[in-house]
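Down below is the structure, laid out as structure tokens.
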Amino acid sequence: MTTTLDQLNAATPDEAARLLDGLYEHSPWIAERALRRRPFVSLAQLKRALVEALAEGGRDAQLALIRAHPELAGKAMVAKALTAESTHEQTASGLTHCSAEEFARIQRLNADYNARFGWPFILAVRGPRGVGLARAEIIDTFARRLANHPDFEFAECLRNIHRIAEMRLADKFGFEPVLGNQVWDCAEILARHTDPGYAELGQLTVTYLTDAHLACQAQLRRWMHDCGFDEVRVDAVGNVVGVYHGSDAAAKRLLTGSHYDTVRNGGKYDGRLGIFVPLVAVRELHRAGRRLPFGIEVIGFAEEEGQRYKATFLGSGSVTGDFDPAWLEQRDADGITMREAMRAAGLPATLEAIHAERRDPSRYLGFVEVHIEQGPVLNELDLPLGVVSSINGSVRYACEVRGMASHAGTTPMDRRRDAAVAVAELALYVERRAAGVPEVVGTIGMLDVPNGSINVVPGRCRFSLDLRATTDAARDALAGDVLAELAAICERRGLAYQAEETMRAAAAPSAPAWQKRWERAVESLGLPVFRMPSGAGHDAMKLHEVMPQAMLFVRGLNAGISHNPLESSTNDDADLSVRAFRHLLDQLNEELS
Ligand SMILES: [Zn+2]
């Protein structure tokens, strides 16, 4: 028999605790503590209360909870001494059917893991879609996590425990994240298309106008048709555009979407999530035969990552009228110009056609974009959604410090002009200076001693600077201080330097009214509103130049890793993003009716 939230809210404390029995391994206190926060408006709110209850329990209680778990495919499983829930999960994942070799490998991993951390390895073996991870995936994850820092691994175990509880809760409440499953499945299906050379390695790479890219394009078109969009087309640069008309086909439109190209060996959700979420939301409108007082235009942007050609934001740029004509003559690594690639893809490849894609902003309400966070913050806080307050402005420099190359043995320490040590000093300054201001970041990501040698004091050091902040003023203040420090270090050490600015992008603060709509949407799900800046650039940054915009972030698993095959998201989080998106549509509906 399934439980309902109403039942849970109305039950006596003892009854309620019984309804949540078995959520956490031998630890009923977590549910009991969370239940003090009744009533709950949603399962998401209940889950949040459980997360907070465990967090408040403190480290000893958390460790006890972790230790209350059985080893993966361990003695308890073999002896059939697991709780009913664990038996179900370990059986569903096929762990009970390990080959002798797999079983031996897992036992070795169990022993190594226990020796390193002192608690059993915990993994939500039903996985991000709830249907069970493959045994090879489980073993890979086990081996990978063995290398984690103990503090991180401790938190990762707790996150997995909450994921297990989330799925046990869904079982109890008979809840299935149907819309989230659709999004999740789309991500899997689209990820089948990958560029030659990467397919063989099992890696996902989709760069501009390759065969895989065109296959994605065709798939997105089909899905848009299936979802009930009124107009579906591929535009002059390869963006896939779907329009779901409002009650009046000439009504203003909400613009939304994200990119479907990927970096090399990238993830399945970066960009794509922001296409699937509105697709699924429109499908629901279409199924209900519902028209809103505004149209919805979803764009799958063809190019955002700048991989095949140095033309980052080409997709969204063409929509804002920002297409550099010189791009057409640019050649890829095989010598194919963009114009040739466009022709081969059946696109007109003329500036006239491309410029005709420029949208008239007065016909749009604004732009919203759903995107995987690509960072560790939401994952660490165990929050599914975050509201973006601003896309960071950035500035980049290519720099070089020049000193004097000299013999490492014969040059006394007080007579050196070491270029690399100067840069090391600057790196520490960048770290200190950026850390001193909230939401400001600075990185020296490339550091190179050209022709360096083990027995030579570095005479030259080349390095990069990447500085970002939520406002242009904060970014410029950071850049000013860092460059002044570079000058001072070089002056003191008798070195010369140069710093060439290679990129500058303005910050894109969210339009307050649109940010507020996302906040209300998150609140409506029973979740706390968490505001955060976007450290990475997004298509919304481009649209920001011509219309109001705001973004919603969705938590990524595996410490939020992105531009990496480990990038991952759950069906439950995807479900919440669709619900948030639908709530935003409902808000606009009310405002405009
Ligand atoms: Zn992206």
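For segment 271-282, putting each phi into the Karplus relation 6.51 cos²θ - 1.76 cosθ + 1.60 with θ = phi - 60° gives couplings of x, 4, 3, x, 9, 5, 4, x, 4, 5, 5, 5 Hz, in residue order, rounded to whole numbers and with x for Gly and Pro. If every alpha-carbon in segment 474-532 counts as one equal scatterer, what log10 I(q)/I(0) does Debye give at q = 0.20 1/Å? Treating every Cα as an identical point scatterer, log10 I(q)/I(0) equals -0.83. At full extension, residue 21 and residue 344 could sit 110.2 nm farther apart than now, given 0.36 nm per residue minus the alpha carbon distance.
Test of understanding: ordering 154, 294 by Cβ neighbours within 10 Å, fewest first, what list do you get?
Working: 154 17, 294 22.
Least to most surrounded, the residues fall as 154, 294.
Ordering 421-433, 251-263, 369-381 by mean Cβ neighbour count within 10 Å, with the highest value first, yields 251-263, 369-381, 421-433.
The relative contact order of the chain comes to 15 percent, based on Cα pairs under 8 Å that sit 6 or more residues apart. Each residue of segment 252-269 was assigned a 3J(HN,Hα) from its phi angle through the Karplus curve 6.51 cos²θ - 1.76 cosθ + 1.60 (θ = phi - 60°); the sequence is 4, 10, 8, 9, 8, x, 6, 9, 10, 6, 10, 6, 6, 6, x, x, 8, 10 Hz, with glycine and proline shown as x.
Between residue 67 and residue 189, the distance separating the two model label sites (each 7 Å from Cα on the Cα→Cβ line) works out to 4.9 nm.
If you filter segment 1-43 for trypsin sites (Lys or Arg not before Pro), then keep DSSP loop positions with at most 13 other Cβ within 10 Å, what is left?
Working: sites: 18, 33, 36, 37; in loops: 36, 37.
Here the trypsin sites (Lys or Arg not before Pro) that fit, given the DSSP loop and packing criteria, are 36.
The modelled label-to-label distance between residue 492 and residue 101, using points 7 Å beyond Cα along the C-beta direction, is 5.9 nm. For a Förster distance of 25 Å, can you work out the FRET efficiency between the beta-carbons of residue 108 and residue 59, rounded to the nearest 0.05? About 0.30, to the nearest 0.05. In summary, the aspartates and glutamates within cross-link reach of residue 75, defined as a Cα separation below 19 angstrom excluding same-chain residues under 8 places away, comprise 25, 85, 89, 101, 102, 112. An oblate overall shape is assigned to segment 185-335, the ratio a/c of its alpha-carbon gyration tensor axes (a ≥ b ≥ c) being 1.5 or greater and a/b not exceeding b/c.
Sorted by packing (mean other beta-carbon atoms within 10 Å per residue), highest first, where do 198-207, 353-362 land?
Top of the packing list down: 198-207, 353-362.
Listing 336, 138, 391 from fewest to most neighbouring C-beta atoms within 10 Å gives 336, 138, 391.
Using only alpha-carbon positions in segment 23-95, the gyration tensor eigenvalues give semi-axes of 27, 15, 9 Å once each is multiplied by 5 and square-rooted (largest first).
Order these by the 10 Å Cβ neighbour count, fewest first: 210, 194, 87. Kindly include the intermediate steps, with their values, before the conclusion.
Working: 210 21, 194 25, 87 16.
Lowest count first: 87, 210, 194.
For a modelled paramagnetic label at residue 529, 7 Å from Cα along Cα-to-Cβ, the residues of segment 350-394 in reach, with backbone nitrogen under 19 Å, are 367-371, 378, 383-391. The per residue volume of the convex hull around the alpha-carbon atoms of the chain is 186 Å³.
Measuring between alpha carbons in the structure, the pairs from 516/542; 268/310; 252/542; 80/268 lying more than 28 angstrom apart are 80/268.
With Cα atoms defining each centre, segment 50-82 and segment 238-280 are spaced 41 Å apart in the structure. Bridge orientation summary for the chain: considering DSSP beta bridges with both residues in this region, about 65 percent are antiparallel. Three principal axis extents of segment 41-172 based on alpha-carbon atoms, in descending order, are 47, 30, 25 Å.
Could you work out the helix-only [θ] at 222 nm for the chain, with each DSSP H run of four or more residues adding -39,500 (n - 2.57) and the total divided by the number of residues, to the nearest 500 deg cm²/dmol? Don't jump to the answer; show the numbers that get you there.
Working: 21 runs with 259 residues, N = 593.
Helix contribution divided over all residues of the chain: -13500 deg cm²/dmol.
Rounded to the nearest 0.05, what FRET efficiency do residue 435 and residue 563 give with R0 = 30 Å and r taken as the Cβ-Cβ distance? Could you check?
After rounding, the FRET efficiency stands at 0.80.
Peptides 238-248, 321-331, 298-308 ranked from most to least packed by the mean count of surrounding Cβ atoms within 10 Å: 298-308, 238-248, 321-331.
Counted residue by residue at 0.36 nm each, then reduced by the alpha carbon distance between them, the extension gain from residue 148 to residue 404 reaches 88.1 nm.
Rule-based calculations on the coordinates, nothing more; no lab input. Please read these numbers as outputs of a predicted model, since none were measured by experiment. Cβ: placed from backbone, ideal geometry, glycine included. Neighbour counts: every protein chain shown.
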